[in-house]
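Step one of this worksheet: look at the structure below.
The values are calculated or read from the model by the stated rules, or taken from the named source; none is laboratory data. The structure presented is a predicted model; accordingly, all values stated were derived computationally and were not measured. So basically every Cβ, Gly included, is an ideal-geometry build from the backbone, and we count neighbours across all protein chains shown. Note: accessible area is taken over every heavy atom of the protein model, side chains too, but ligands, DNA and RNA are not part of it. Shrake-Rupley method; radii C 1.70, N 1.55, O 1.52, S 1.80 Å.
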Amino acid sequence: MRSSSFTLALALLLGALGSGGVASAEGAGSAAVSAETAPTGFAAVNALGQNGTTGGVGGPTVTATTSEQFLQYIDTVGPMTIKVQGTIDITSKQGVRPNKTIVGVGSSAVINGGGLDFYRSYNVIVRNIKFTNAEDDAVNIGQQSHHIWIDHNEFVAPVDGALDINRAAEYVTVSWNWFNKTDKNMLIGHSDGNGSQDAGKLKVSIHHNFFDGSKQRNPRVRFGEPVHVYNNYYRNNELYGIASTMNAGVLVEGNYFENVAHPCYSASGYADSGPGRLVQRNNQFVNSGACETNGSVSEPRTFYSYTLDPAANVPSLVRAGAGVGKIGA
(Lines give C-alpha, C1' and ligand atoms only; values in the text may rest on other atoms or scores of the structure.)
Protein backbone atom coordinates (compact mmCIF):
# COMPACT_ATOMS: atom_id res chain seq x y z
CA MET A 1 0.00 0.00 0.00
CA ARG A 2 1.48 3.37 -0.99
CA SER A 3 0.85 5.96 1.71
CA SER A 4 0.64 8.90 -0.71
CA SER A 5 -2.09 7.38 -2.88
CA PHE A 6 -3.90 6.11 0.20
CA THR A 7 -3.89 9.55 1.81
CA LEU A 8 -5.10 11.23 -1.37
CA ALA A 9 -7.89 8.71 -1.89
CA LEU A 10 -8.97 8.98 1.73
CA ALA A 11 -9.05 12.77 1.54
CA LEU A 12 -11.19 12.64 -1.59
CA LEU A 13 -13.58 10.26 0.09
CA LEU A 14 -13.94 12.27 3.28
CA GLY A 15 -14.54 15.42 1.24
CA ALA A 16 -17.46 13.81 -0.54
CA LEU A 17 -19.83 13.23 2.39
CA GLY A 18 -23.47 13.42 1.40
CA SER A 19 -26.56 14.87 3.04
CA GLY A 20 -28.59 13.07 5.70
CA GLY A 21 -32.05 11.64 6.08
CA VAL A 22 -33.95 8.44 6.68
CA ALA A 23 -33.63 5.42 4.42
CA SER A 24 -36.55 4.83 2.10
CA ALA A 25 -37.32 2.56 -0.83
CA GLU A 26 -35.45 4.49 -3.52
CA GLY A 27 -32.15 6.16 -4.26
CA ALA A 28 -28.52 5.18 -4.66
CA GLY A 29 -25.18 6.53 -3.50
CA SER A 30 -22.87 8.94 -5.28
CA ALA A 31 -19.34 8.42 -6.50
CA ALA A 32 -16.59 7.31 -4.11
CA VAL A 33 -13.02 6.13 -4.43
CA SER A 34 -12.16 2.51 -5.13
CA ALA A 35 -12.08 0.04 -2.27
CA GLU A 36 -8.70 -1.05 -3.67
CA THR A 37 -6.97 2.11 -2.41
CA ALA A 38 -8.92 3.14 0.68
CA PRO A 39 -11.88 1.97 2.72
CA THR A 40 -15.32 3.22 1.87
CA GLY A 41 -18.20 3.26 4.30
CA PHE A 42 -17.92 3.71 8.04
CA ALA A 43 -14.19 2.96 8.29
CA ALA A 44 -13.58 6.14 6.24
CA VAL A 45 -15.64 8.49 8.44
CA ASN A 46 -13.99 11.19 10.52
CA ALA A 47 -15.16 10.45 14.07
CA LEU A 48 -13.97 9.70 17.60
CA GLY A 49 -10.75 11.61 16.95
CA GLN A 50 -9.79 9.33 14.07
CA ASN A 51 -9.84 10.73 10.51
CA GLY A 52 -10.62 7.55 8.59
CA THR A 53 -8.63 4.32 8.78
CA THR A 54 -4.97 4.50 7.76
CA GLY A 55 -3.56 1.52 9.68
CA GLY A 56 0.22 1.40 9.93
CA VAL A 57 0.94 4.40 7.71
CA GLY A 58 3.90 6.35 9.10
CA GLY A 59 5.47 3.36 10.83
CA PRO A 60 7.96 0.69 9.76
CA THR A 61 7.13 -2.24 7.48
CA VAL A 62 8.06 -5.70 8.73
CA THR A 63 7.48 -9.24 7.44
CA ALA A 64 6.24 -12.05 9.69
CA THR A 65 7.16 -15.58 8.60
CA THR A 66 6.82 -17.24 12.02
CA SER A 67 4.17 -17.26 14.72
CA GLU A 68 6.58 -15.69 17.20
CA GLN A 69 7.27 -12.76 14.89
CA PHE A 70 3.60 -12.23 14.12
CA LEU A 71 2.55 -12.19 17.78
CA GLN A 72 5.36 -9.79 18.64
CA TYR A 73 4.44 -7.38 15.84
CA ILE A 74 0.68 -7.19 16.54
CA ASP A 75 1.51 -6.44 20.20
CA THR A 76 3.91 -3.61 19.35
CA VAL A 77 2.95 -0.07 20.37
CA GLY A 78 2.78 2.43 17.51
CA PRO A 79 2.04 2.31 13.77
CA MET A 80 3.36 -0.66 11.82
CA THR A 81 2.66 -2.46 8.55
CA ILE A 82 2.93 -6.21 9.07
CA LYS A 83 3.30 -8.34 5.96
CA VAL A 84 2.27 -11.95 6.54
CA GLN A 85 4.17 -14.51 4.47
CA GLY A 86 3.18 -18.18 4.43
CA THR A 87 1.18 -19.92 7.17
CA ILE A 88 1.10 -18.54 10.70
CA ASP A 89 -0.21 -21.02 13.30
CA ILE A 90 -1.65 -19.42 16.42
CA THR A 91 -4.06 -20.46 19.17
CA SER A 92 -7.15 -18.71 20.57
CA LYS A 93 -7.81 -15.04 19.83
CA GLN A 94 -4.76 -12.76 19.87
CA GLY A 95 -5.03 -9.04 20.63
CA VAL A 96 -4.10 -6.44 18.01
CA ARG A 97 -2.88 -3.03 19.17
CA PRO A 98 -3.96 0.20 17.41
CA ASN A 99 -2.46 1.64 14.22
CA LYS A 100 -1.62 -1.56 12.39
CA THR A 101 -1.90 -2.80 8.82
CA ILE A 102 -1.87 -6.60 8.61
CA VAL A 103 -1.63 -7.68 4.97
CA GLY A 104 -0.88 -10.99 3.34
CA VAL A 105 1.84 -11.37 0.73
CA GLY A 106 0.62 -12.79 -2.58
CA SER A 107 -2.20 -15.34 -2.42
CA SER A 108 -0.87 -17.80 0.18
CA ALA A 109 -0.86 -15.94 3.50
CA VAL A 110 -2.77 -17.96 6.13
CA ILE A 111 -3.61 -17.48 9.79
CA ASN A 112 -4.52 -20.93 11.07
CA GLY A 113 -6.00 -22.23 14.30
CA GLY A 114 -6.61 -18.94 16.10
CA GLY A 115 -7.94 -15.48 15.39
CA LEU A 116 -7.53 -11.74 15.88
CA ASP A 117 -9.14 -9.87 18.77
CA PHE A 118 -9.76 -6.12 18.98
CA TYR A 119 -10.19 -4.83 22.55
CA ARG A 120 -10.38 -1.03 22.67
CA SER A 121 -8.24 -0.99 19.56
CA TYR A 122 -8.57 1.38 16.62
CA ASN A 123 -7.20 2.29 13.19
CA VAL A 124 -6.43 -1.25 12.04
CA ILE A 125 -6.51 -2.72 8.52
CA VAL A 126 -6.62 -6.49 7.87
CA ARG A 127 -6.30 -7.51 4.21
CA ASN A 128 -5.47 -10.44 1.97
CA ILE A 129 -5.40 -13.15 4.68
CA LYS A 130 -6.97 -16.61 4.60
CA PHE A 131 -8.28 -17.50 8.07
CA THR A 132 -8.63 -21.25 8.63
CA ASN A 133 -9.79 -23.47 11.48
CA ALA A 134 -10.14 -20.77 14.13
CA GLU A 135 -10.98 -22.47 17.43
CA ASP A 136 -13.36 -19.59 18.28
CA ASP A 137 -13.96 -16.44 16.17
CA ALA A 138 -11.56 -15.78 13.30
CA VAL A 139 -11.92 -12.01 13.90
CA ASN A 140 -13.62 -10.43 16.90
CA ILE A 141 -14.06 -6.63 16.97
CA GLY A 142 -15.30 -5.56 20.39
CA GLN A 143 -15.05 -3.35 23.48
CA GLN A 144 -15.32 0.12 21.93
CA SER A 145 -12.92 -0.65 19.10
CA HIS A 146 -13.37 1.65 16.11
CA HIS A 147 -12.12 2.39 12.62
CA ILE A 148 -11.38 -1.17 11.56
CA TRP A 149 -11.23 -2.23 7.88
CA ILE A 150 -11.53 -5.96 7.09
CA ASP A 151 -10.93 -6.33 3.35
CA HIS A 152 -10.17 -9.03 0.72
CA ASN A 153 -9.86 -11.94 3.13
CA GLU A 154 -11.17 -15.52 3.05
CA PHE A 155 -12.78 -17.25 6.02
CA VAL A 156 -12.88 -21.06 6.24
CA ALA A 157 -14.20 -23.33 9.02
CA PRO A 158 -14.10 -21.25 12.22
CA VAL A 159 -15.61 -23.08 15.20
CA ASP A 160 -17.76 -20.04 16.02
CA GLY A 161 -18.06 -16.81 14.01
CA ALA A 162 -16.00 -15.81 11.03
CA LEU A 163 -16.28 -12.14 12.00
CA ASP A 164 -18.14 -10.74 15.04
CA ILE A 165 -18.64 -7.05 15.87
CA ASN A 166 -19.94 -6.29 19.34
CA ARG A 167 -19.75 -4.43 22.66
CA ALA A 168 -20.02 -0.88 21.29
CA ALA A 169 -17.56 -1.28 18.42
CA GLU A 170 -18.27 1.05 15.51
CA TYR A 171 -16.95 2.67 12.32
CA VAL A 172 -16.16 -0.70 10.76
CA THR A 173 -16.08 -1.63 7.06
CA VAL A 174 -16.20 -5.25 5.88
CA SER A 175 -15.49 -5.41 2.14
CA TRP A 176 -14.59 -7.87 -0.62
CA ASN A 177 -14.27 -10.91 1.66
CA TRP A 178 -15.11 -14.52 0.79
CA PHE A 179 -17.09 -16.26 3.52
CA ASN A 180 -16.53 -19.79 2.31
CA LYS A 181 -19.25 -22.12 3.65
CA THR A 182 -19.00 -20.81 7.20
CA ASP A 183 -21.81 -21.42 9.71
CA LYS A 184 -22.41 -18.72 12.36
CA ASN A 185 -20.87 -16.19 10.08
CA MET A 186 -21.18 -12.61 11.33
CA LEU A 187 -22.84 -11.47 14.57
CA ILE A 188 -23.27 -7.72 15.12
CA GLY A 189 -24.35 -7.03 18.71
CA HIS A 190 -23.35 -9.20 21.63
CA SER A 191 -26.67 -10.41 23.07
CA ASP A 192 -30.31 -9.43 23.59
CA GLY A 193 -29.42 -8.12 27.06
CA ASN A 194 -26.55 -5.86 25.95
CA GLY A 195 -28.59 -2.92 24.66
CA SER A 196 -27.21 -0.46 27.21
CA GLN A 197 -23.75 -0.86 25.66
CA ASP A 198 -24.58 -1.53 22.00
CA ALA A 199 -27.53 0.80 21.27
CA GLY A 200 -26.39 3.83 19.26
CA LYS A 201 -23.12 2.09 18.32
CA LEU A 202 -22.28 -0.76 15.91
CA LYS A 203 -22.10 1.44 12.80
CA VAL A 204 -20.96 -1.02 10.13
CA SER A 205 -20.70 -1.07 6.32
CA ILE A 206 -20.74 -4.48 4.59
CA HIS A 207 -20.16 -4.42 0.84
CA HIS A 208 -19.00 -6.58 -2.08
CA ASN A 209 -18.61 -9.73 0.02
CA PHE A 210 -19.27 -13.26 -1.22
CA PHE A 211 -21.55 -15.04 1.25
CA ASP A 212 -20.91 -18.40 -0.39
CA GLY A 213 -22.92 -21.15 1.31
CA SER A 214 -22.47 -19.34 4.64
CA LYS A 215 -25.36 -20.87 6.55
CA GLN A 216 -26.61 -17.96 8.71
CA ARG A 217 -25.77 -14.57 10.29
CA ASN A 218 -24.85 -12.74 7.11
CA PRO A 219 -25.13 -10.72 9.34
CA ARG A 220 -27.41 -11.11 12.37
CA VAL A 221 -27.76 -7.66 13.94
CA ARG A 222 -28.86 -6.45 17.36
CA PHE A 223 -29.24 -2.75 18.26
CA GLY A 224 -26.80 -1.34 15.66
CA GLU A 225 -27.83 1.51 13.32
CA PRO A 226 -27.22 2.02 10.56
CA VAL A 227 -25.79 -1.28 9.42
CA HIS A 228 -25.42 -0.83 5.67
CA VAL A 229 -25.42 -4.06 3.65
CA TYR A 230 -24.89 -3.36 -0.04
CA ASN A 231 -23.68 -4.99 -3.25
CA ASN A 232 -23.01 -8.39 -1.68
CA TYR A 233 -23.50 -11.75 -3.42
CA TYR A 234 -25.56 -14.23 -1.42
CA ARG A 235 -25.59 -17.82 -2.70
CA ASN A 236 -27.01 -21.00 -1.15
CA ASN A 237 -27.40 -19.62 2.39
CA GLU A 238 -29.18 -22.51 4.07
CA LEU A 239 -30.95 -20.86 7.03
CA TYR A 240 -31.11 -17.18 6.08
CA GLY A 241 -29.23 -14.19 4.76
CA ILE A 242 -29.72 -11.16 7.05
CA ALA A 243 -31.56 -10.78 10.35
CA SER A 244 -32.33 -7.41 11.94
CA THR A 245 -33.42 -7.84 15.56
CA MET A 246 -33.73 -5.94 18.85
CA ASN A 247 -34.60 -2.64 17.14
CA ALA A 248 -31.49 -2.63 14.96
CA GLY A 249 -31.64 -0.50 11.80
CA VAL A 250 -30.37 -2.29 8.68
CA LEU A 251 -30.37 -0.98 5.09
CA VAL A 252 -30.13 -3.77 2.50
CA GLU A 253 -29.55 -2.51 -1.04
CA GLY A 254 -28.13 -3.60 -4.36
CA ASN A 255 -27.48 -7.18 -3.26
CA TYR A 256 -27.94 -10.34 -5.32
CA PHE A 257 -29.65 -13.28 -3.60
CA GLU A 258 -29.44 -16.68 -5.32
CA ASN A 259 -31.05 -19.81 -3.85
CA VAL A 260 -31.76 -18.13 -0.49
CA ALA A 261 -35.14 -19.18 0.92
CA HIS A 262 -35.13 -16.47 3.60
CA PRO A 263 -33.09 -13.44 2.46
CA CYS A 264 -34.12 -11.17 5.37
CA TYR A 265 -35.82 -11.34 8.75
CA SER A 266 -36.91 -8.20 10.62
CA ALA A 267 -40.56 -7.72 11.65
CA SER A 268 -40.75 -11.25 13.04
CA GLY A 269 -37.39 -11.04 14.82
CA TYR A 270 -35.31 -14.17 14.82
CA ALA A 271 -34.99 -17.03 17.31
CA ASP A 272 -35.44 -15.47 20.77
CA SER A 273 -34.61 -11.93 19.62
CA GLY A 274 -37.32 -9.31 19.15
CA PRO A 275 -38.01 -7.48 15.87
CA GLY A 276 -35.68 -5.04 14.20
CA ARG A 277 -36.06 -2.49 11.42
CA LEU A 278 -35.00 -3.21 7.85
CA VAL A 279 -35.36 -1.33 4.57
CA GLN A 280 -34.58 -3.06 1.27
CA ARG A 281 -34.13 -1.41 -2.11
CA ASN A 282 -32.64 -2.27 -5.52
CA ASN A 283 -31.94 -5.92 -4.65
CA GLN A 284 -32.29 -8.88 -7.02
CA PHE A 285 -33.78 -12.22 -5.94
CA VAL A 286 -33.19 -15.37 -8.02
CA ASN A 287 -34.88 -18.58 -6.87
CA SER A 288 -35.15 -16.90 -3.48
CA GLY A 289 -37.84 -15.81 -1.06
CA ALA A 290 -38.90 -12.28 -0.18
CA CYS A 291 -36.94 -9.87 2.01
CA GLU A 292 -38.99 -9.14 5.12
CA THR A 293 -39.02 -5.39 5.84
CA ASN A 294 -40.07 -3.31 8.81
CA GLY A 295 -40.05 0.40 9.70
CA SER A 296 -37.44 2.95 8.64
CA VAL A 297 -33.67 3.17 9.04
CA SER A 298 -31.16 6.02 9.35
CA GLU A 299 -29.74 6.83 5.92
CA PRO A 300 -26.04 5.91 5.52
CA ARG A 301 -25.55 8.98 3.32
CA THR A 302 -25.82 10.96 6.54
CA PHE A 303 -22.30 9.66 7.20
CA TYR A 304 -20.64 8.95 3.84
CA SER A 305 -20.99 8.82 0.07
CA TYR A 306 -20.83 5.57 -1.84
CA THR A 307 -21.28 4.09 -5.31
CA LEU A 308 -24.01 1.48 -5.73
CA ASP A 309 -23.39 -1.10 -8.47
CA PRO A 310 -26.44 -2.56 -10.25
CA ALA A 311 -27.52 -5.73 -8.43
CA ALA A 312 -27.45 -7.72 -11.69
CA ASN A 313 -23.70 -7.06 -11.98
CA VAL A 314 -22.87 -8.12 -8.43
CA PRO A 315 -22.21 -11.87 -8.96
CA SER A 316 -19.58 -11.28 -11.64
CA LEU A 317 -18.01 -8.35 -9.79
CA VAL A 318 -17.78 -10.19 -6.49
CA ARG A 319 -16.58 -13.50 -7.91
CA ALA A 320 -13.82 -11.64 -9.73
CA GLY A 321 -12.80 -9.39 -6.86
CA ALA A 322 -13.53 -10.99 -3.47
CA GLY A 323 -11.02 -12.99 -1.44
CA VAL A 324 -7.24 -13.19 -1.36
CA GLY A 325 -4.74 -12.65 -4.16
CA LYS A 326 -6.66 -9.72 -5.64
CA ILE A 327 -4.56 -6.85 -4.25
CA GLY A 328 -0.87 -6.03 -4.28
CA ALA A 329 1.12 -6.37 -1.08
- line: Of the residues in segment 232-283, those that are closer than 25 Å to Trp176 by Cβ, among the charged types (D, E, K, R) and in contact with a strand residue (DSSP E or B) (Cβ under 6 Å, 6 or more places away or on another chain) come to Arg235, Glu253, Glu258, Arg281
query: Which of the residues belonging to segment 147-201 are modelled with pLDDT under 95 and within 19 Å of Gln50 (Cα to Cα)?
result: Gly200
- prompt: Does Gln144 satisfy the condition of being open to solvent by 20 Å² or more (accessible area, probe 1.4 Å), at pLDDT 95 or above, farther than 23 Å from Asp309 by Cβ and not in a loop (DSSP other than H, G, I, E, B)?
  reply: no
field: Every residue from segment 256-302 that is aliphatic (A, V, I, L, M) and either touching an Asp or Glu at 6+ places or on another chain (Cβ under 6 Å) or open to solvent by 60 Å² or more (accessible area, probe 1.4 Å) (or both)
entry: Ala261, Ala267, Ala271, Val286, Ala290
query: Mind checking whether some residue in segment 107-126 is under 25 Å from Pro315 (Cβ atoms), within 17 Å of the chain's Cα centre (by Cα) and not β-branched (Val, Ile, Thr)?
result: no
- prompt: Do we find a residue being open to solvent by 80 Å² or more (accessible area, probe 1.4 Å), modelled with pLDDT under 95 and part of a loop (DSSP other than H, G, I, E, B) anywhere in segment 3-22?
  reply: yes
query: List the pairs whose first member sits in segment 84-99 and is free of Cβ contacts under 8 Å to residues at least 24 places away in the same chain and closer than 17 Å to Gly161 by Cβ, whose second member is among the hydrophobic types (A, V, I, L, M, F, W, C) and open to solvent by less than 80 Å² (accessible area, probe 1.4 Å), and whose Cβ atoms are under 8 Å apart, counting only residues at least 6 apart or on separate chains?
result: Gln94/Leu71; Gln94/Ile74; Gln94/Leu116
Residue tally, condition without any contact (Cβ under 8 Å) to a residue 40 or more places away in the chain, of a type outside the set (Phe, Trp, Tyr) and assigned to a strand (DSSP E or B), over segment 166-179: 1
message: Anything in segment 69-79 that is part of a loop (DSSP other than H, G, I, E, B), open to solvent by less than 60 Å² (accessible area, probe 1.4 Å), more than 11 Å from Val124 (Cα to Cα) and not β-branched (Val, Ile, Thr)? List them, or say none.
response: Gly78
- prompt: Among Ser244, Ser196, which is open to solvent by less than 20 Å² (accessible area, probe 1.4 Å) and either of a type in the set (Ser, Thr, Tyr) or part of a loop (DSSP other than H, G, I, E, B) (or both)?
  reply: Ser244
message: With the requirement that a residue be open to solvent by 50 Å² or more (accessible area, probe 1.4 Å) and either basic (Lys, Arg) or within 21 Å of Gly52 (Cβ to Cβ) (or both), what does segment 80-104 give you?
response: Lys83, Lys93, Arg97
